[in-house]
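Written out below as structure tokens is the structure these notes cover.
A short reminder: the numbers here are calculations on the coordinates, not readings from a lab. What you see is a predicted model; the values in this text were computed from it and never measured. We place every Cβ from the backbone using ideal geometry, glycine too, and count neighbours over all the protein chains shown.
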């Protein structure tokens with residue numbers, strides 16, 4: 001750094017906000033050309049665009065948000081609507097969505113809401129703030145059909161079924177559950193038991209469906225699913241229902257963590273006495289005791305596709321939903337029967 005803290009290679013800009021005219025003068029182009037570059041117009045040849053972008057970087061030019069909104073009719077702000085940030089999946093999606101939005105040039109506003117009325121209020125609040133659209137996460141997605149949606153607010157729902165004119169992006173929950181169940185069957189565990197998530201969760205229902213269909217296709221009658229609430233406490237409390245089980249597929253890693261502790265308290269060894277597979281691959285899964293075999297969701301890809309679909313809709317492009325694949329991560333919590 002120089003004595004005046006100006007980064008090497010960057011000219012010290014005049015005091016105050018740098019103007020388009022200053023960028024144009026440095027780049028040797030017209031102000032209209034700078035405006036076209038700022039608004040990503042295709043009517044600028046690559047060499048000129050590069051020269052203007054270098055001038056913008058050298059002067060530290062930043063487009064004025066209000067002026068850009070007047071020109072384009074867009075605020076470059078999107079909302080994220082969620083019922084809770086307490087779950088691991090939602091908090092990881094928040095981080096991944098914030099990063100994906102930043103890469104695409106959008107600011108992110110987070111709104112928490114409870115119930116369909118709360119989701120309706122969240123939508124109208126975002127509309128009042130001039131948001132261009134919103135991504136709705138997981139539990140909140142199920143409330144969208146019953147909510148009051150502003151006609152001009154574009155939406156993408158995460159972890160919800162397609163329909164009602166909504167674009168949906170979700171992980172392949174059923175396919176991941178099938179991978180876990182198939183692996184346990186291959187190791188000789190019959191039947192495979194299931195610690196399911198909440199009954200009103202799309203992700204939980206899809207994971208239960210994948211588990212159930214895999215057993216049926218193998219000619220095995222699925223045992224009753226035991227339902228938790230995604231928390232480690234509910235996994236611990238459910239352990240008594242698996243007293244005779246040799247294998248349990250858990251709908252998320254947090255419930256698997258509680259189950260592992262309960263099994264250890266009961267003197268049952270994992271994986272020697274009971275094989276356990278989770279879902280999500282949370283950052284701490286490799287440090288569970290034993291390290292947890294699990295299904296990995298690609299939260300970064302999920303958020304990227306959600307932001308891409310919403311941005312395409314806002315910007316007038318093709319906006320399609322997507323199903324993001326899942327993978328089996330094998331560690332030490334499963335073994336042959």
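Restricting to DSSP H runs of at least four residues, report the calculated mean residue ellipticity at 222 nm for the chain, -39500 (n - 2.57) per run over all residues, nearest 500 deg cm²/dmol.
-12500 deg cm²/dmol
Give me the percent relative contact order of region 20-63, please, defined on Cα pairs under 8 angstrom at least 6 residues apart.
For region 20-63, the relative contact order is 41 percent.
Treat region 20-63 as a sphere of radius equal to its Kirkwood radius over Cα pairs and apply Stokes-Einstein at 37 °C in a medium of 0.692 mPa s; give the translational diffusion coefficient in µm²/s, rounded to a whole number.
It diffuses with D of about 332 µm²/s by this estimate.
In nm, to one decimal, how far is the residue 84 label point from the residue 146 one, both placed 7 Å along Cα→Cβ?
According to this spin-label approximation, the distance is 1.7 nm.
Give me the percent relative contact order of region 173-298, please, defined on Cα pairs under 8 angstrom at least 6 residues apart.
Reported relative contact order: 25 percent.
Percent relative contact order of the chain, based on C-alpha pairs within less than 8 angstrom and at least six residues apart?
15 percent
Note the listed values [x] 155; [y] 123; [z] 177, then indicate which one is volume of the Cα convex hull per residue in Å³ calculated from this particular structure.
It is the one labelled [z].
What's the ranking of 196-204, 82-90 by average number of surrounding C-beta atoms within 10 Å, highest first?
Packing order, densest peptide first, comes out as 196-204, 82-90.
Of the beta bridges DSSP finds with both residues in the chain, what % are antiparallel, to the nearest 5?
Looking only at bridges with both residues in the chain, the antiparallel portion is about 10 percent.
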